[in-house]
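Here's the structure we're looking at; comments come further down.
The values are calculated or read from the model by the stated rules, or taken from the named source; none is laboratory data. These numbers were taken from a predicted model, which means no experiment stands behind them. Methodologically, a virtual Cβ is constructed for each residue, glycine included, from the backbone with ideal geometry; neighbour enumeration extends over all protein chains shown. Surface areas here come from the heavy atoms of the whole protein model, side chains and all, with no ligands, DNA or RNA. Shrake-Rupley method; radii C 1.70, N 1.55, O 1.52, S 1.80 Å.
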Amino acid sequence: METLDYLLPQIWFGILALFLFLYVMLDGFDLGVGILSLTSSSEERRGILMTSLSNIWDANETWLVLMGGSLFGAFPLAYATILSALYIPIFIMIFGFIFRGVAFEFREQSTRKFFWNLSFATGSFMAAVGQGFALGAVLAGIKVDDKGHFIGTTWDWFNIPSVLVTLTLIQGYVLIGSTYLVWKTDGELQETHRKTAKLAAFTTLIGAILITGVTPFIYETARIRLFSKPLVYIFALIPLLGIFLIWQLLQSLNKKADRQPFIWTILLFLLSFIGLGLVVFPYIIPTKITIYQAAADPTSLVIMIIFIGALIPVMLFYNLYSYIVFRGKVTGESYHG
């Protein structure tokens, strides 16, 4: 039983990390495309951007729902505490999703699309902002008592490091959205988003460097972890790999490749998640409550693994099937708005 008490929380930490990564990767380019729609110079271009998402974007968001439900079941204490601390960022994100979802559906039926275009872009931006502040606040640490209950204030999530994380996350979404559009479009529109991808790659890199440089000086626990052996060697390798991936991304954009920029961006996101996971683990509420303290009863965790284990392959198959069926490029002829 002691082995299960130790192993099961680790398994669920990995499952939640997988759900979060799949959500950020898949819905991230949705949000990036939505933000980029603000820069479209014509209604036809904006319509192509929307059409590129029309058959896949609903499935992408299911990973966030699954992650929220899994967090509630596997780590109920963390679920209650995090939601108590992050009411405002979460509401910003939810309102963004509402704006985005309603605008996407109503835009197709509207003859005057300006309001719905603006709503979709604004909703995408709001969702990204809410997620950025939530991530920044969790990484900074949530104020809790000895039992793990939230004791901070309503605005603890709003601070300079969280602003930096938010801006970097938005740039990351613009980057993955741009590389997705490089893959899905052609002609002048594709060239435009090659340029936005290059710009977003540089701004994302700058944000990542600032976060990496600031974190050890602001957060003592992160500093201790970052400079402890053998993790110090891994953390030294991650920035070098990040620069390598950025270089490969820029090279693929210069070579006019279609799919490779998107693949390099996914690998860049994966590397970032590995780094964040190593910094946070074993805390589920940094830096006070560990996954072992917040975990549900072992019986509940085992039952959830059985059901979630059966659901994950189905969802992965559905996502993969959608991308295979709608794998072609979206052109002006594909848009009938």
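A compact table of results
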{"item": "Selected residue [over 29 Å from Pro9 (Cβ atoms), open to solvent by 40 Å² or more (accessible area, probe 1.4 Å) and without any contact (Cβ under 8 Å) to a residue 24 or more places away in the chain] from Phe72, Phe114", "result": "Phe114"}
{"item": "Selection count where residues are at pLDDT below 85 and open to solvent by 30 Å² or more (accessible area, probe 1.4 Å), scope segment 284-308", "result": "2"}
{"item": "Checklist (1) assigned to a helix (DSSP H, G or I); (2) open to solvent by 30 Å² or more (accessible area, probe 1.4 Å); (3) closer than 17 Å to Glu44 by Cα; (4) not charged (D, E, K, R) applied to Ile98, failing item", "result": "(3)"}
{"item": "Sole residue being under 30 Å from Ser54 (Cα atoms), touching a residue at least 40 places away in the same chain (Cβ under 8 Å), open to solvent by 70 Å² or more (accessible area, probe 1.4 Å) and not basic (Lys, Arg), chosen from Val325, Val330, Val314", "result": "Val325"}
{"item": "Residue within segment 44-61 that is modelled with pLDDT of 75 or more, surrounded by fewer than 22 Cβ atoms within 10 Å (Cβ to Cβ) and charged (D, E, K, R) present", "result": "yes"}
{"item": "Failed criterion for Gly148 (all others in (1) part of a loop (DSSP other than H, G, I, E, B); (2) under 15 Å from the mean Cα position of the chain (by Cα) hold)", "result": "(2)"}
{"item": "When residues of segment 256-265 are limited to those that are of a type in the set (A, V, I, L, M, F, W, C) and surrounded by fewer than 19 Cβ atoms within 10 Å (Cβ to Cβ), the one nearest to Leu26 (Cα to Cα)", "result": "Ile263"}
{"item": "Test: residue in segment 264-282 that is under 20 Å from the mean Cα position of the chain (by Cα) and polar (S, T, N, Q)", "result": "yes"}
{"item": "Count of residues meeting criterion [touching a residue at least 40 places away in the same chain (Cβ under 8 Å) and in a helix (DSSP H, G or I)] in segment 151-179", "result": "15"}
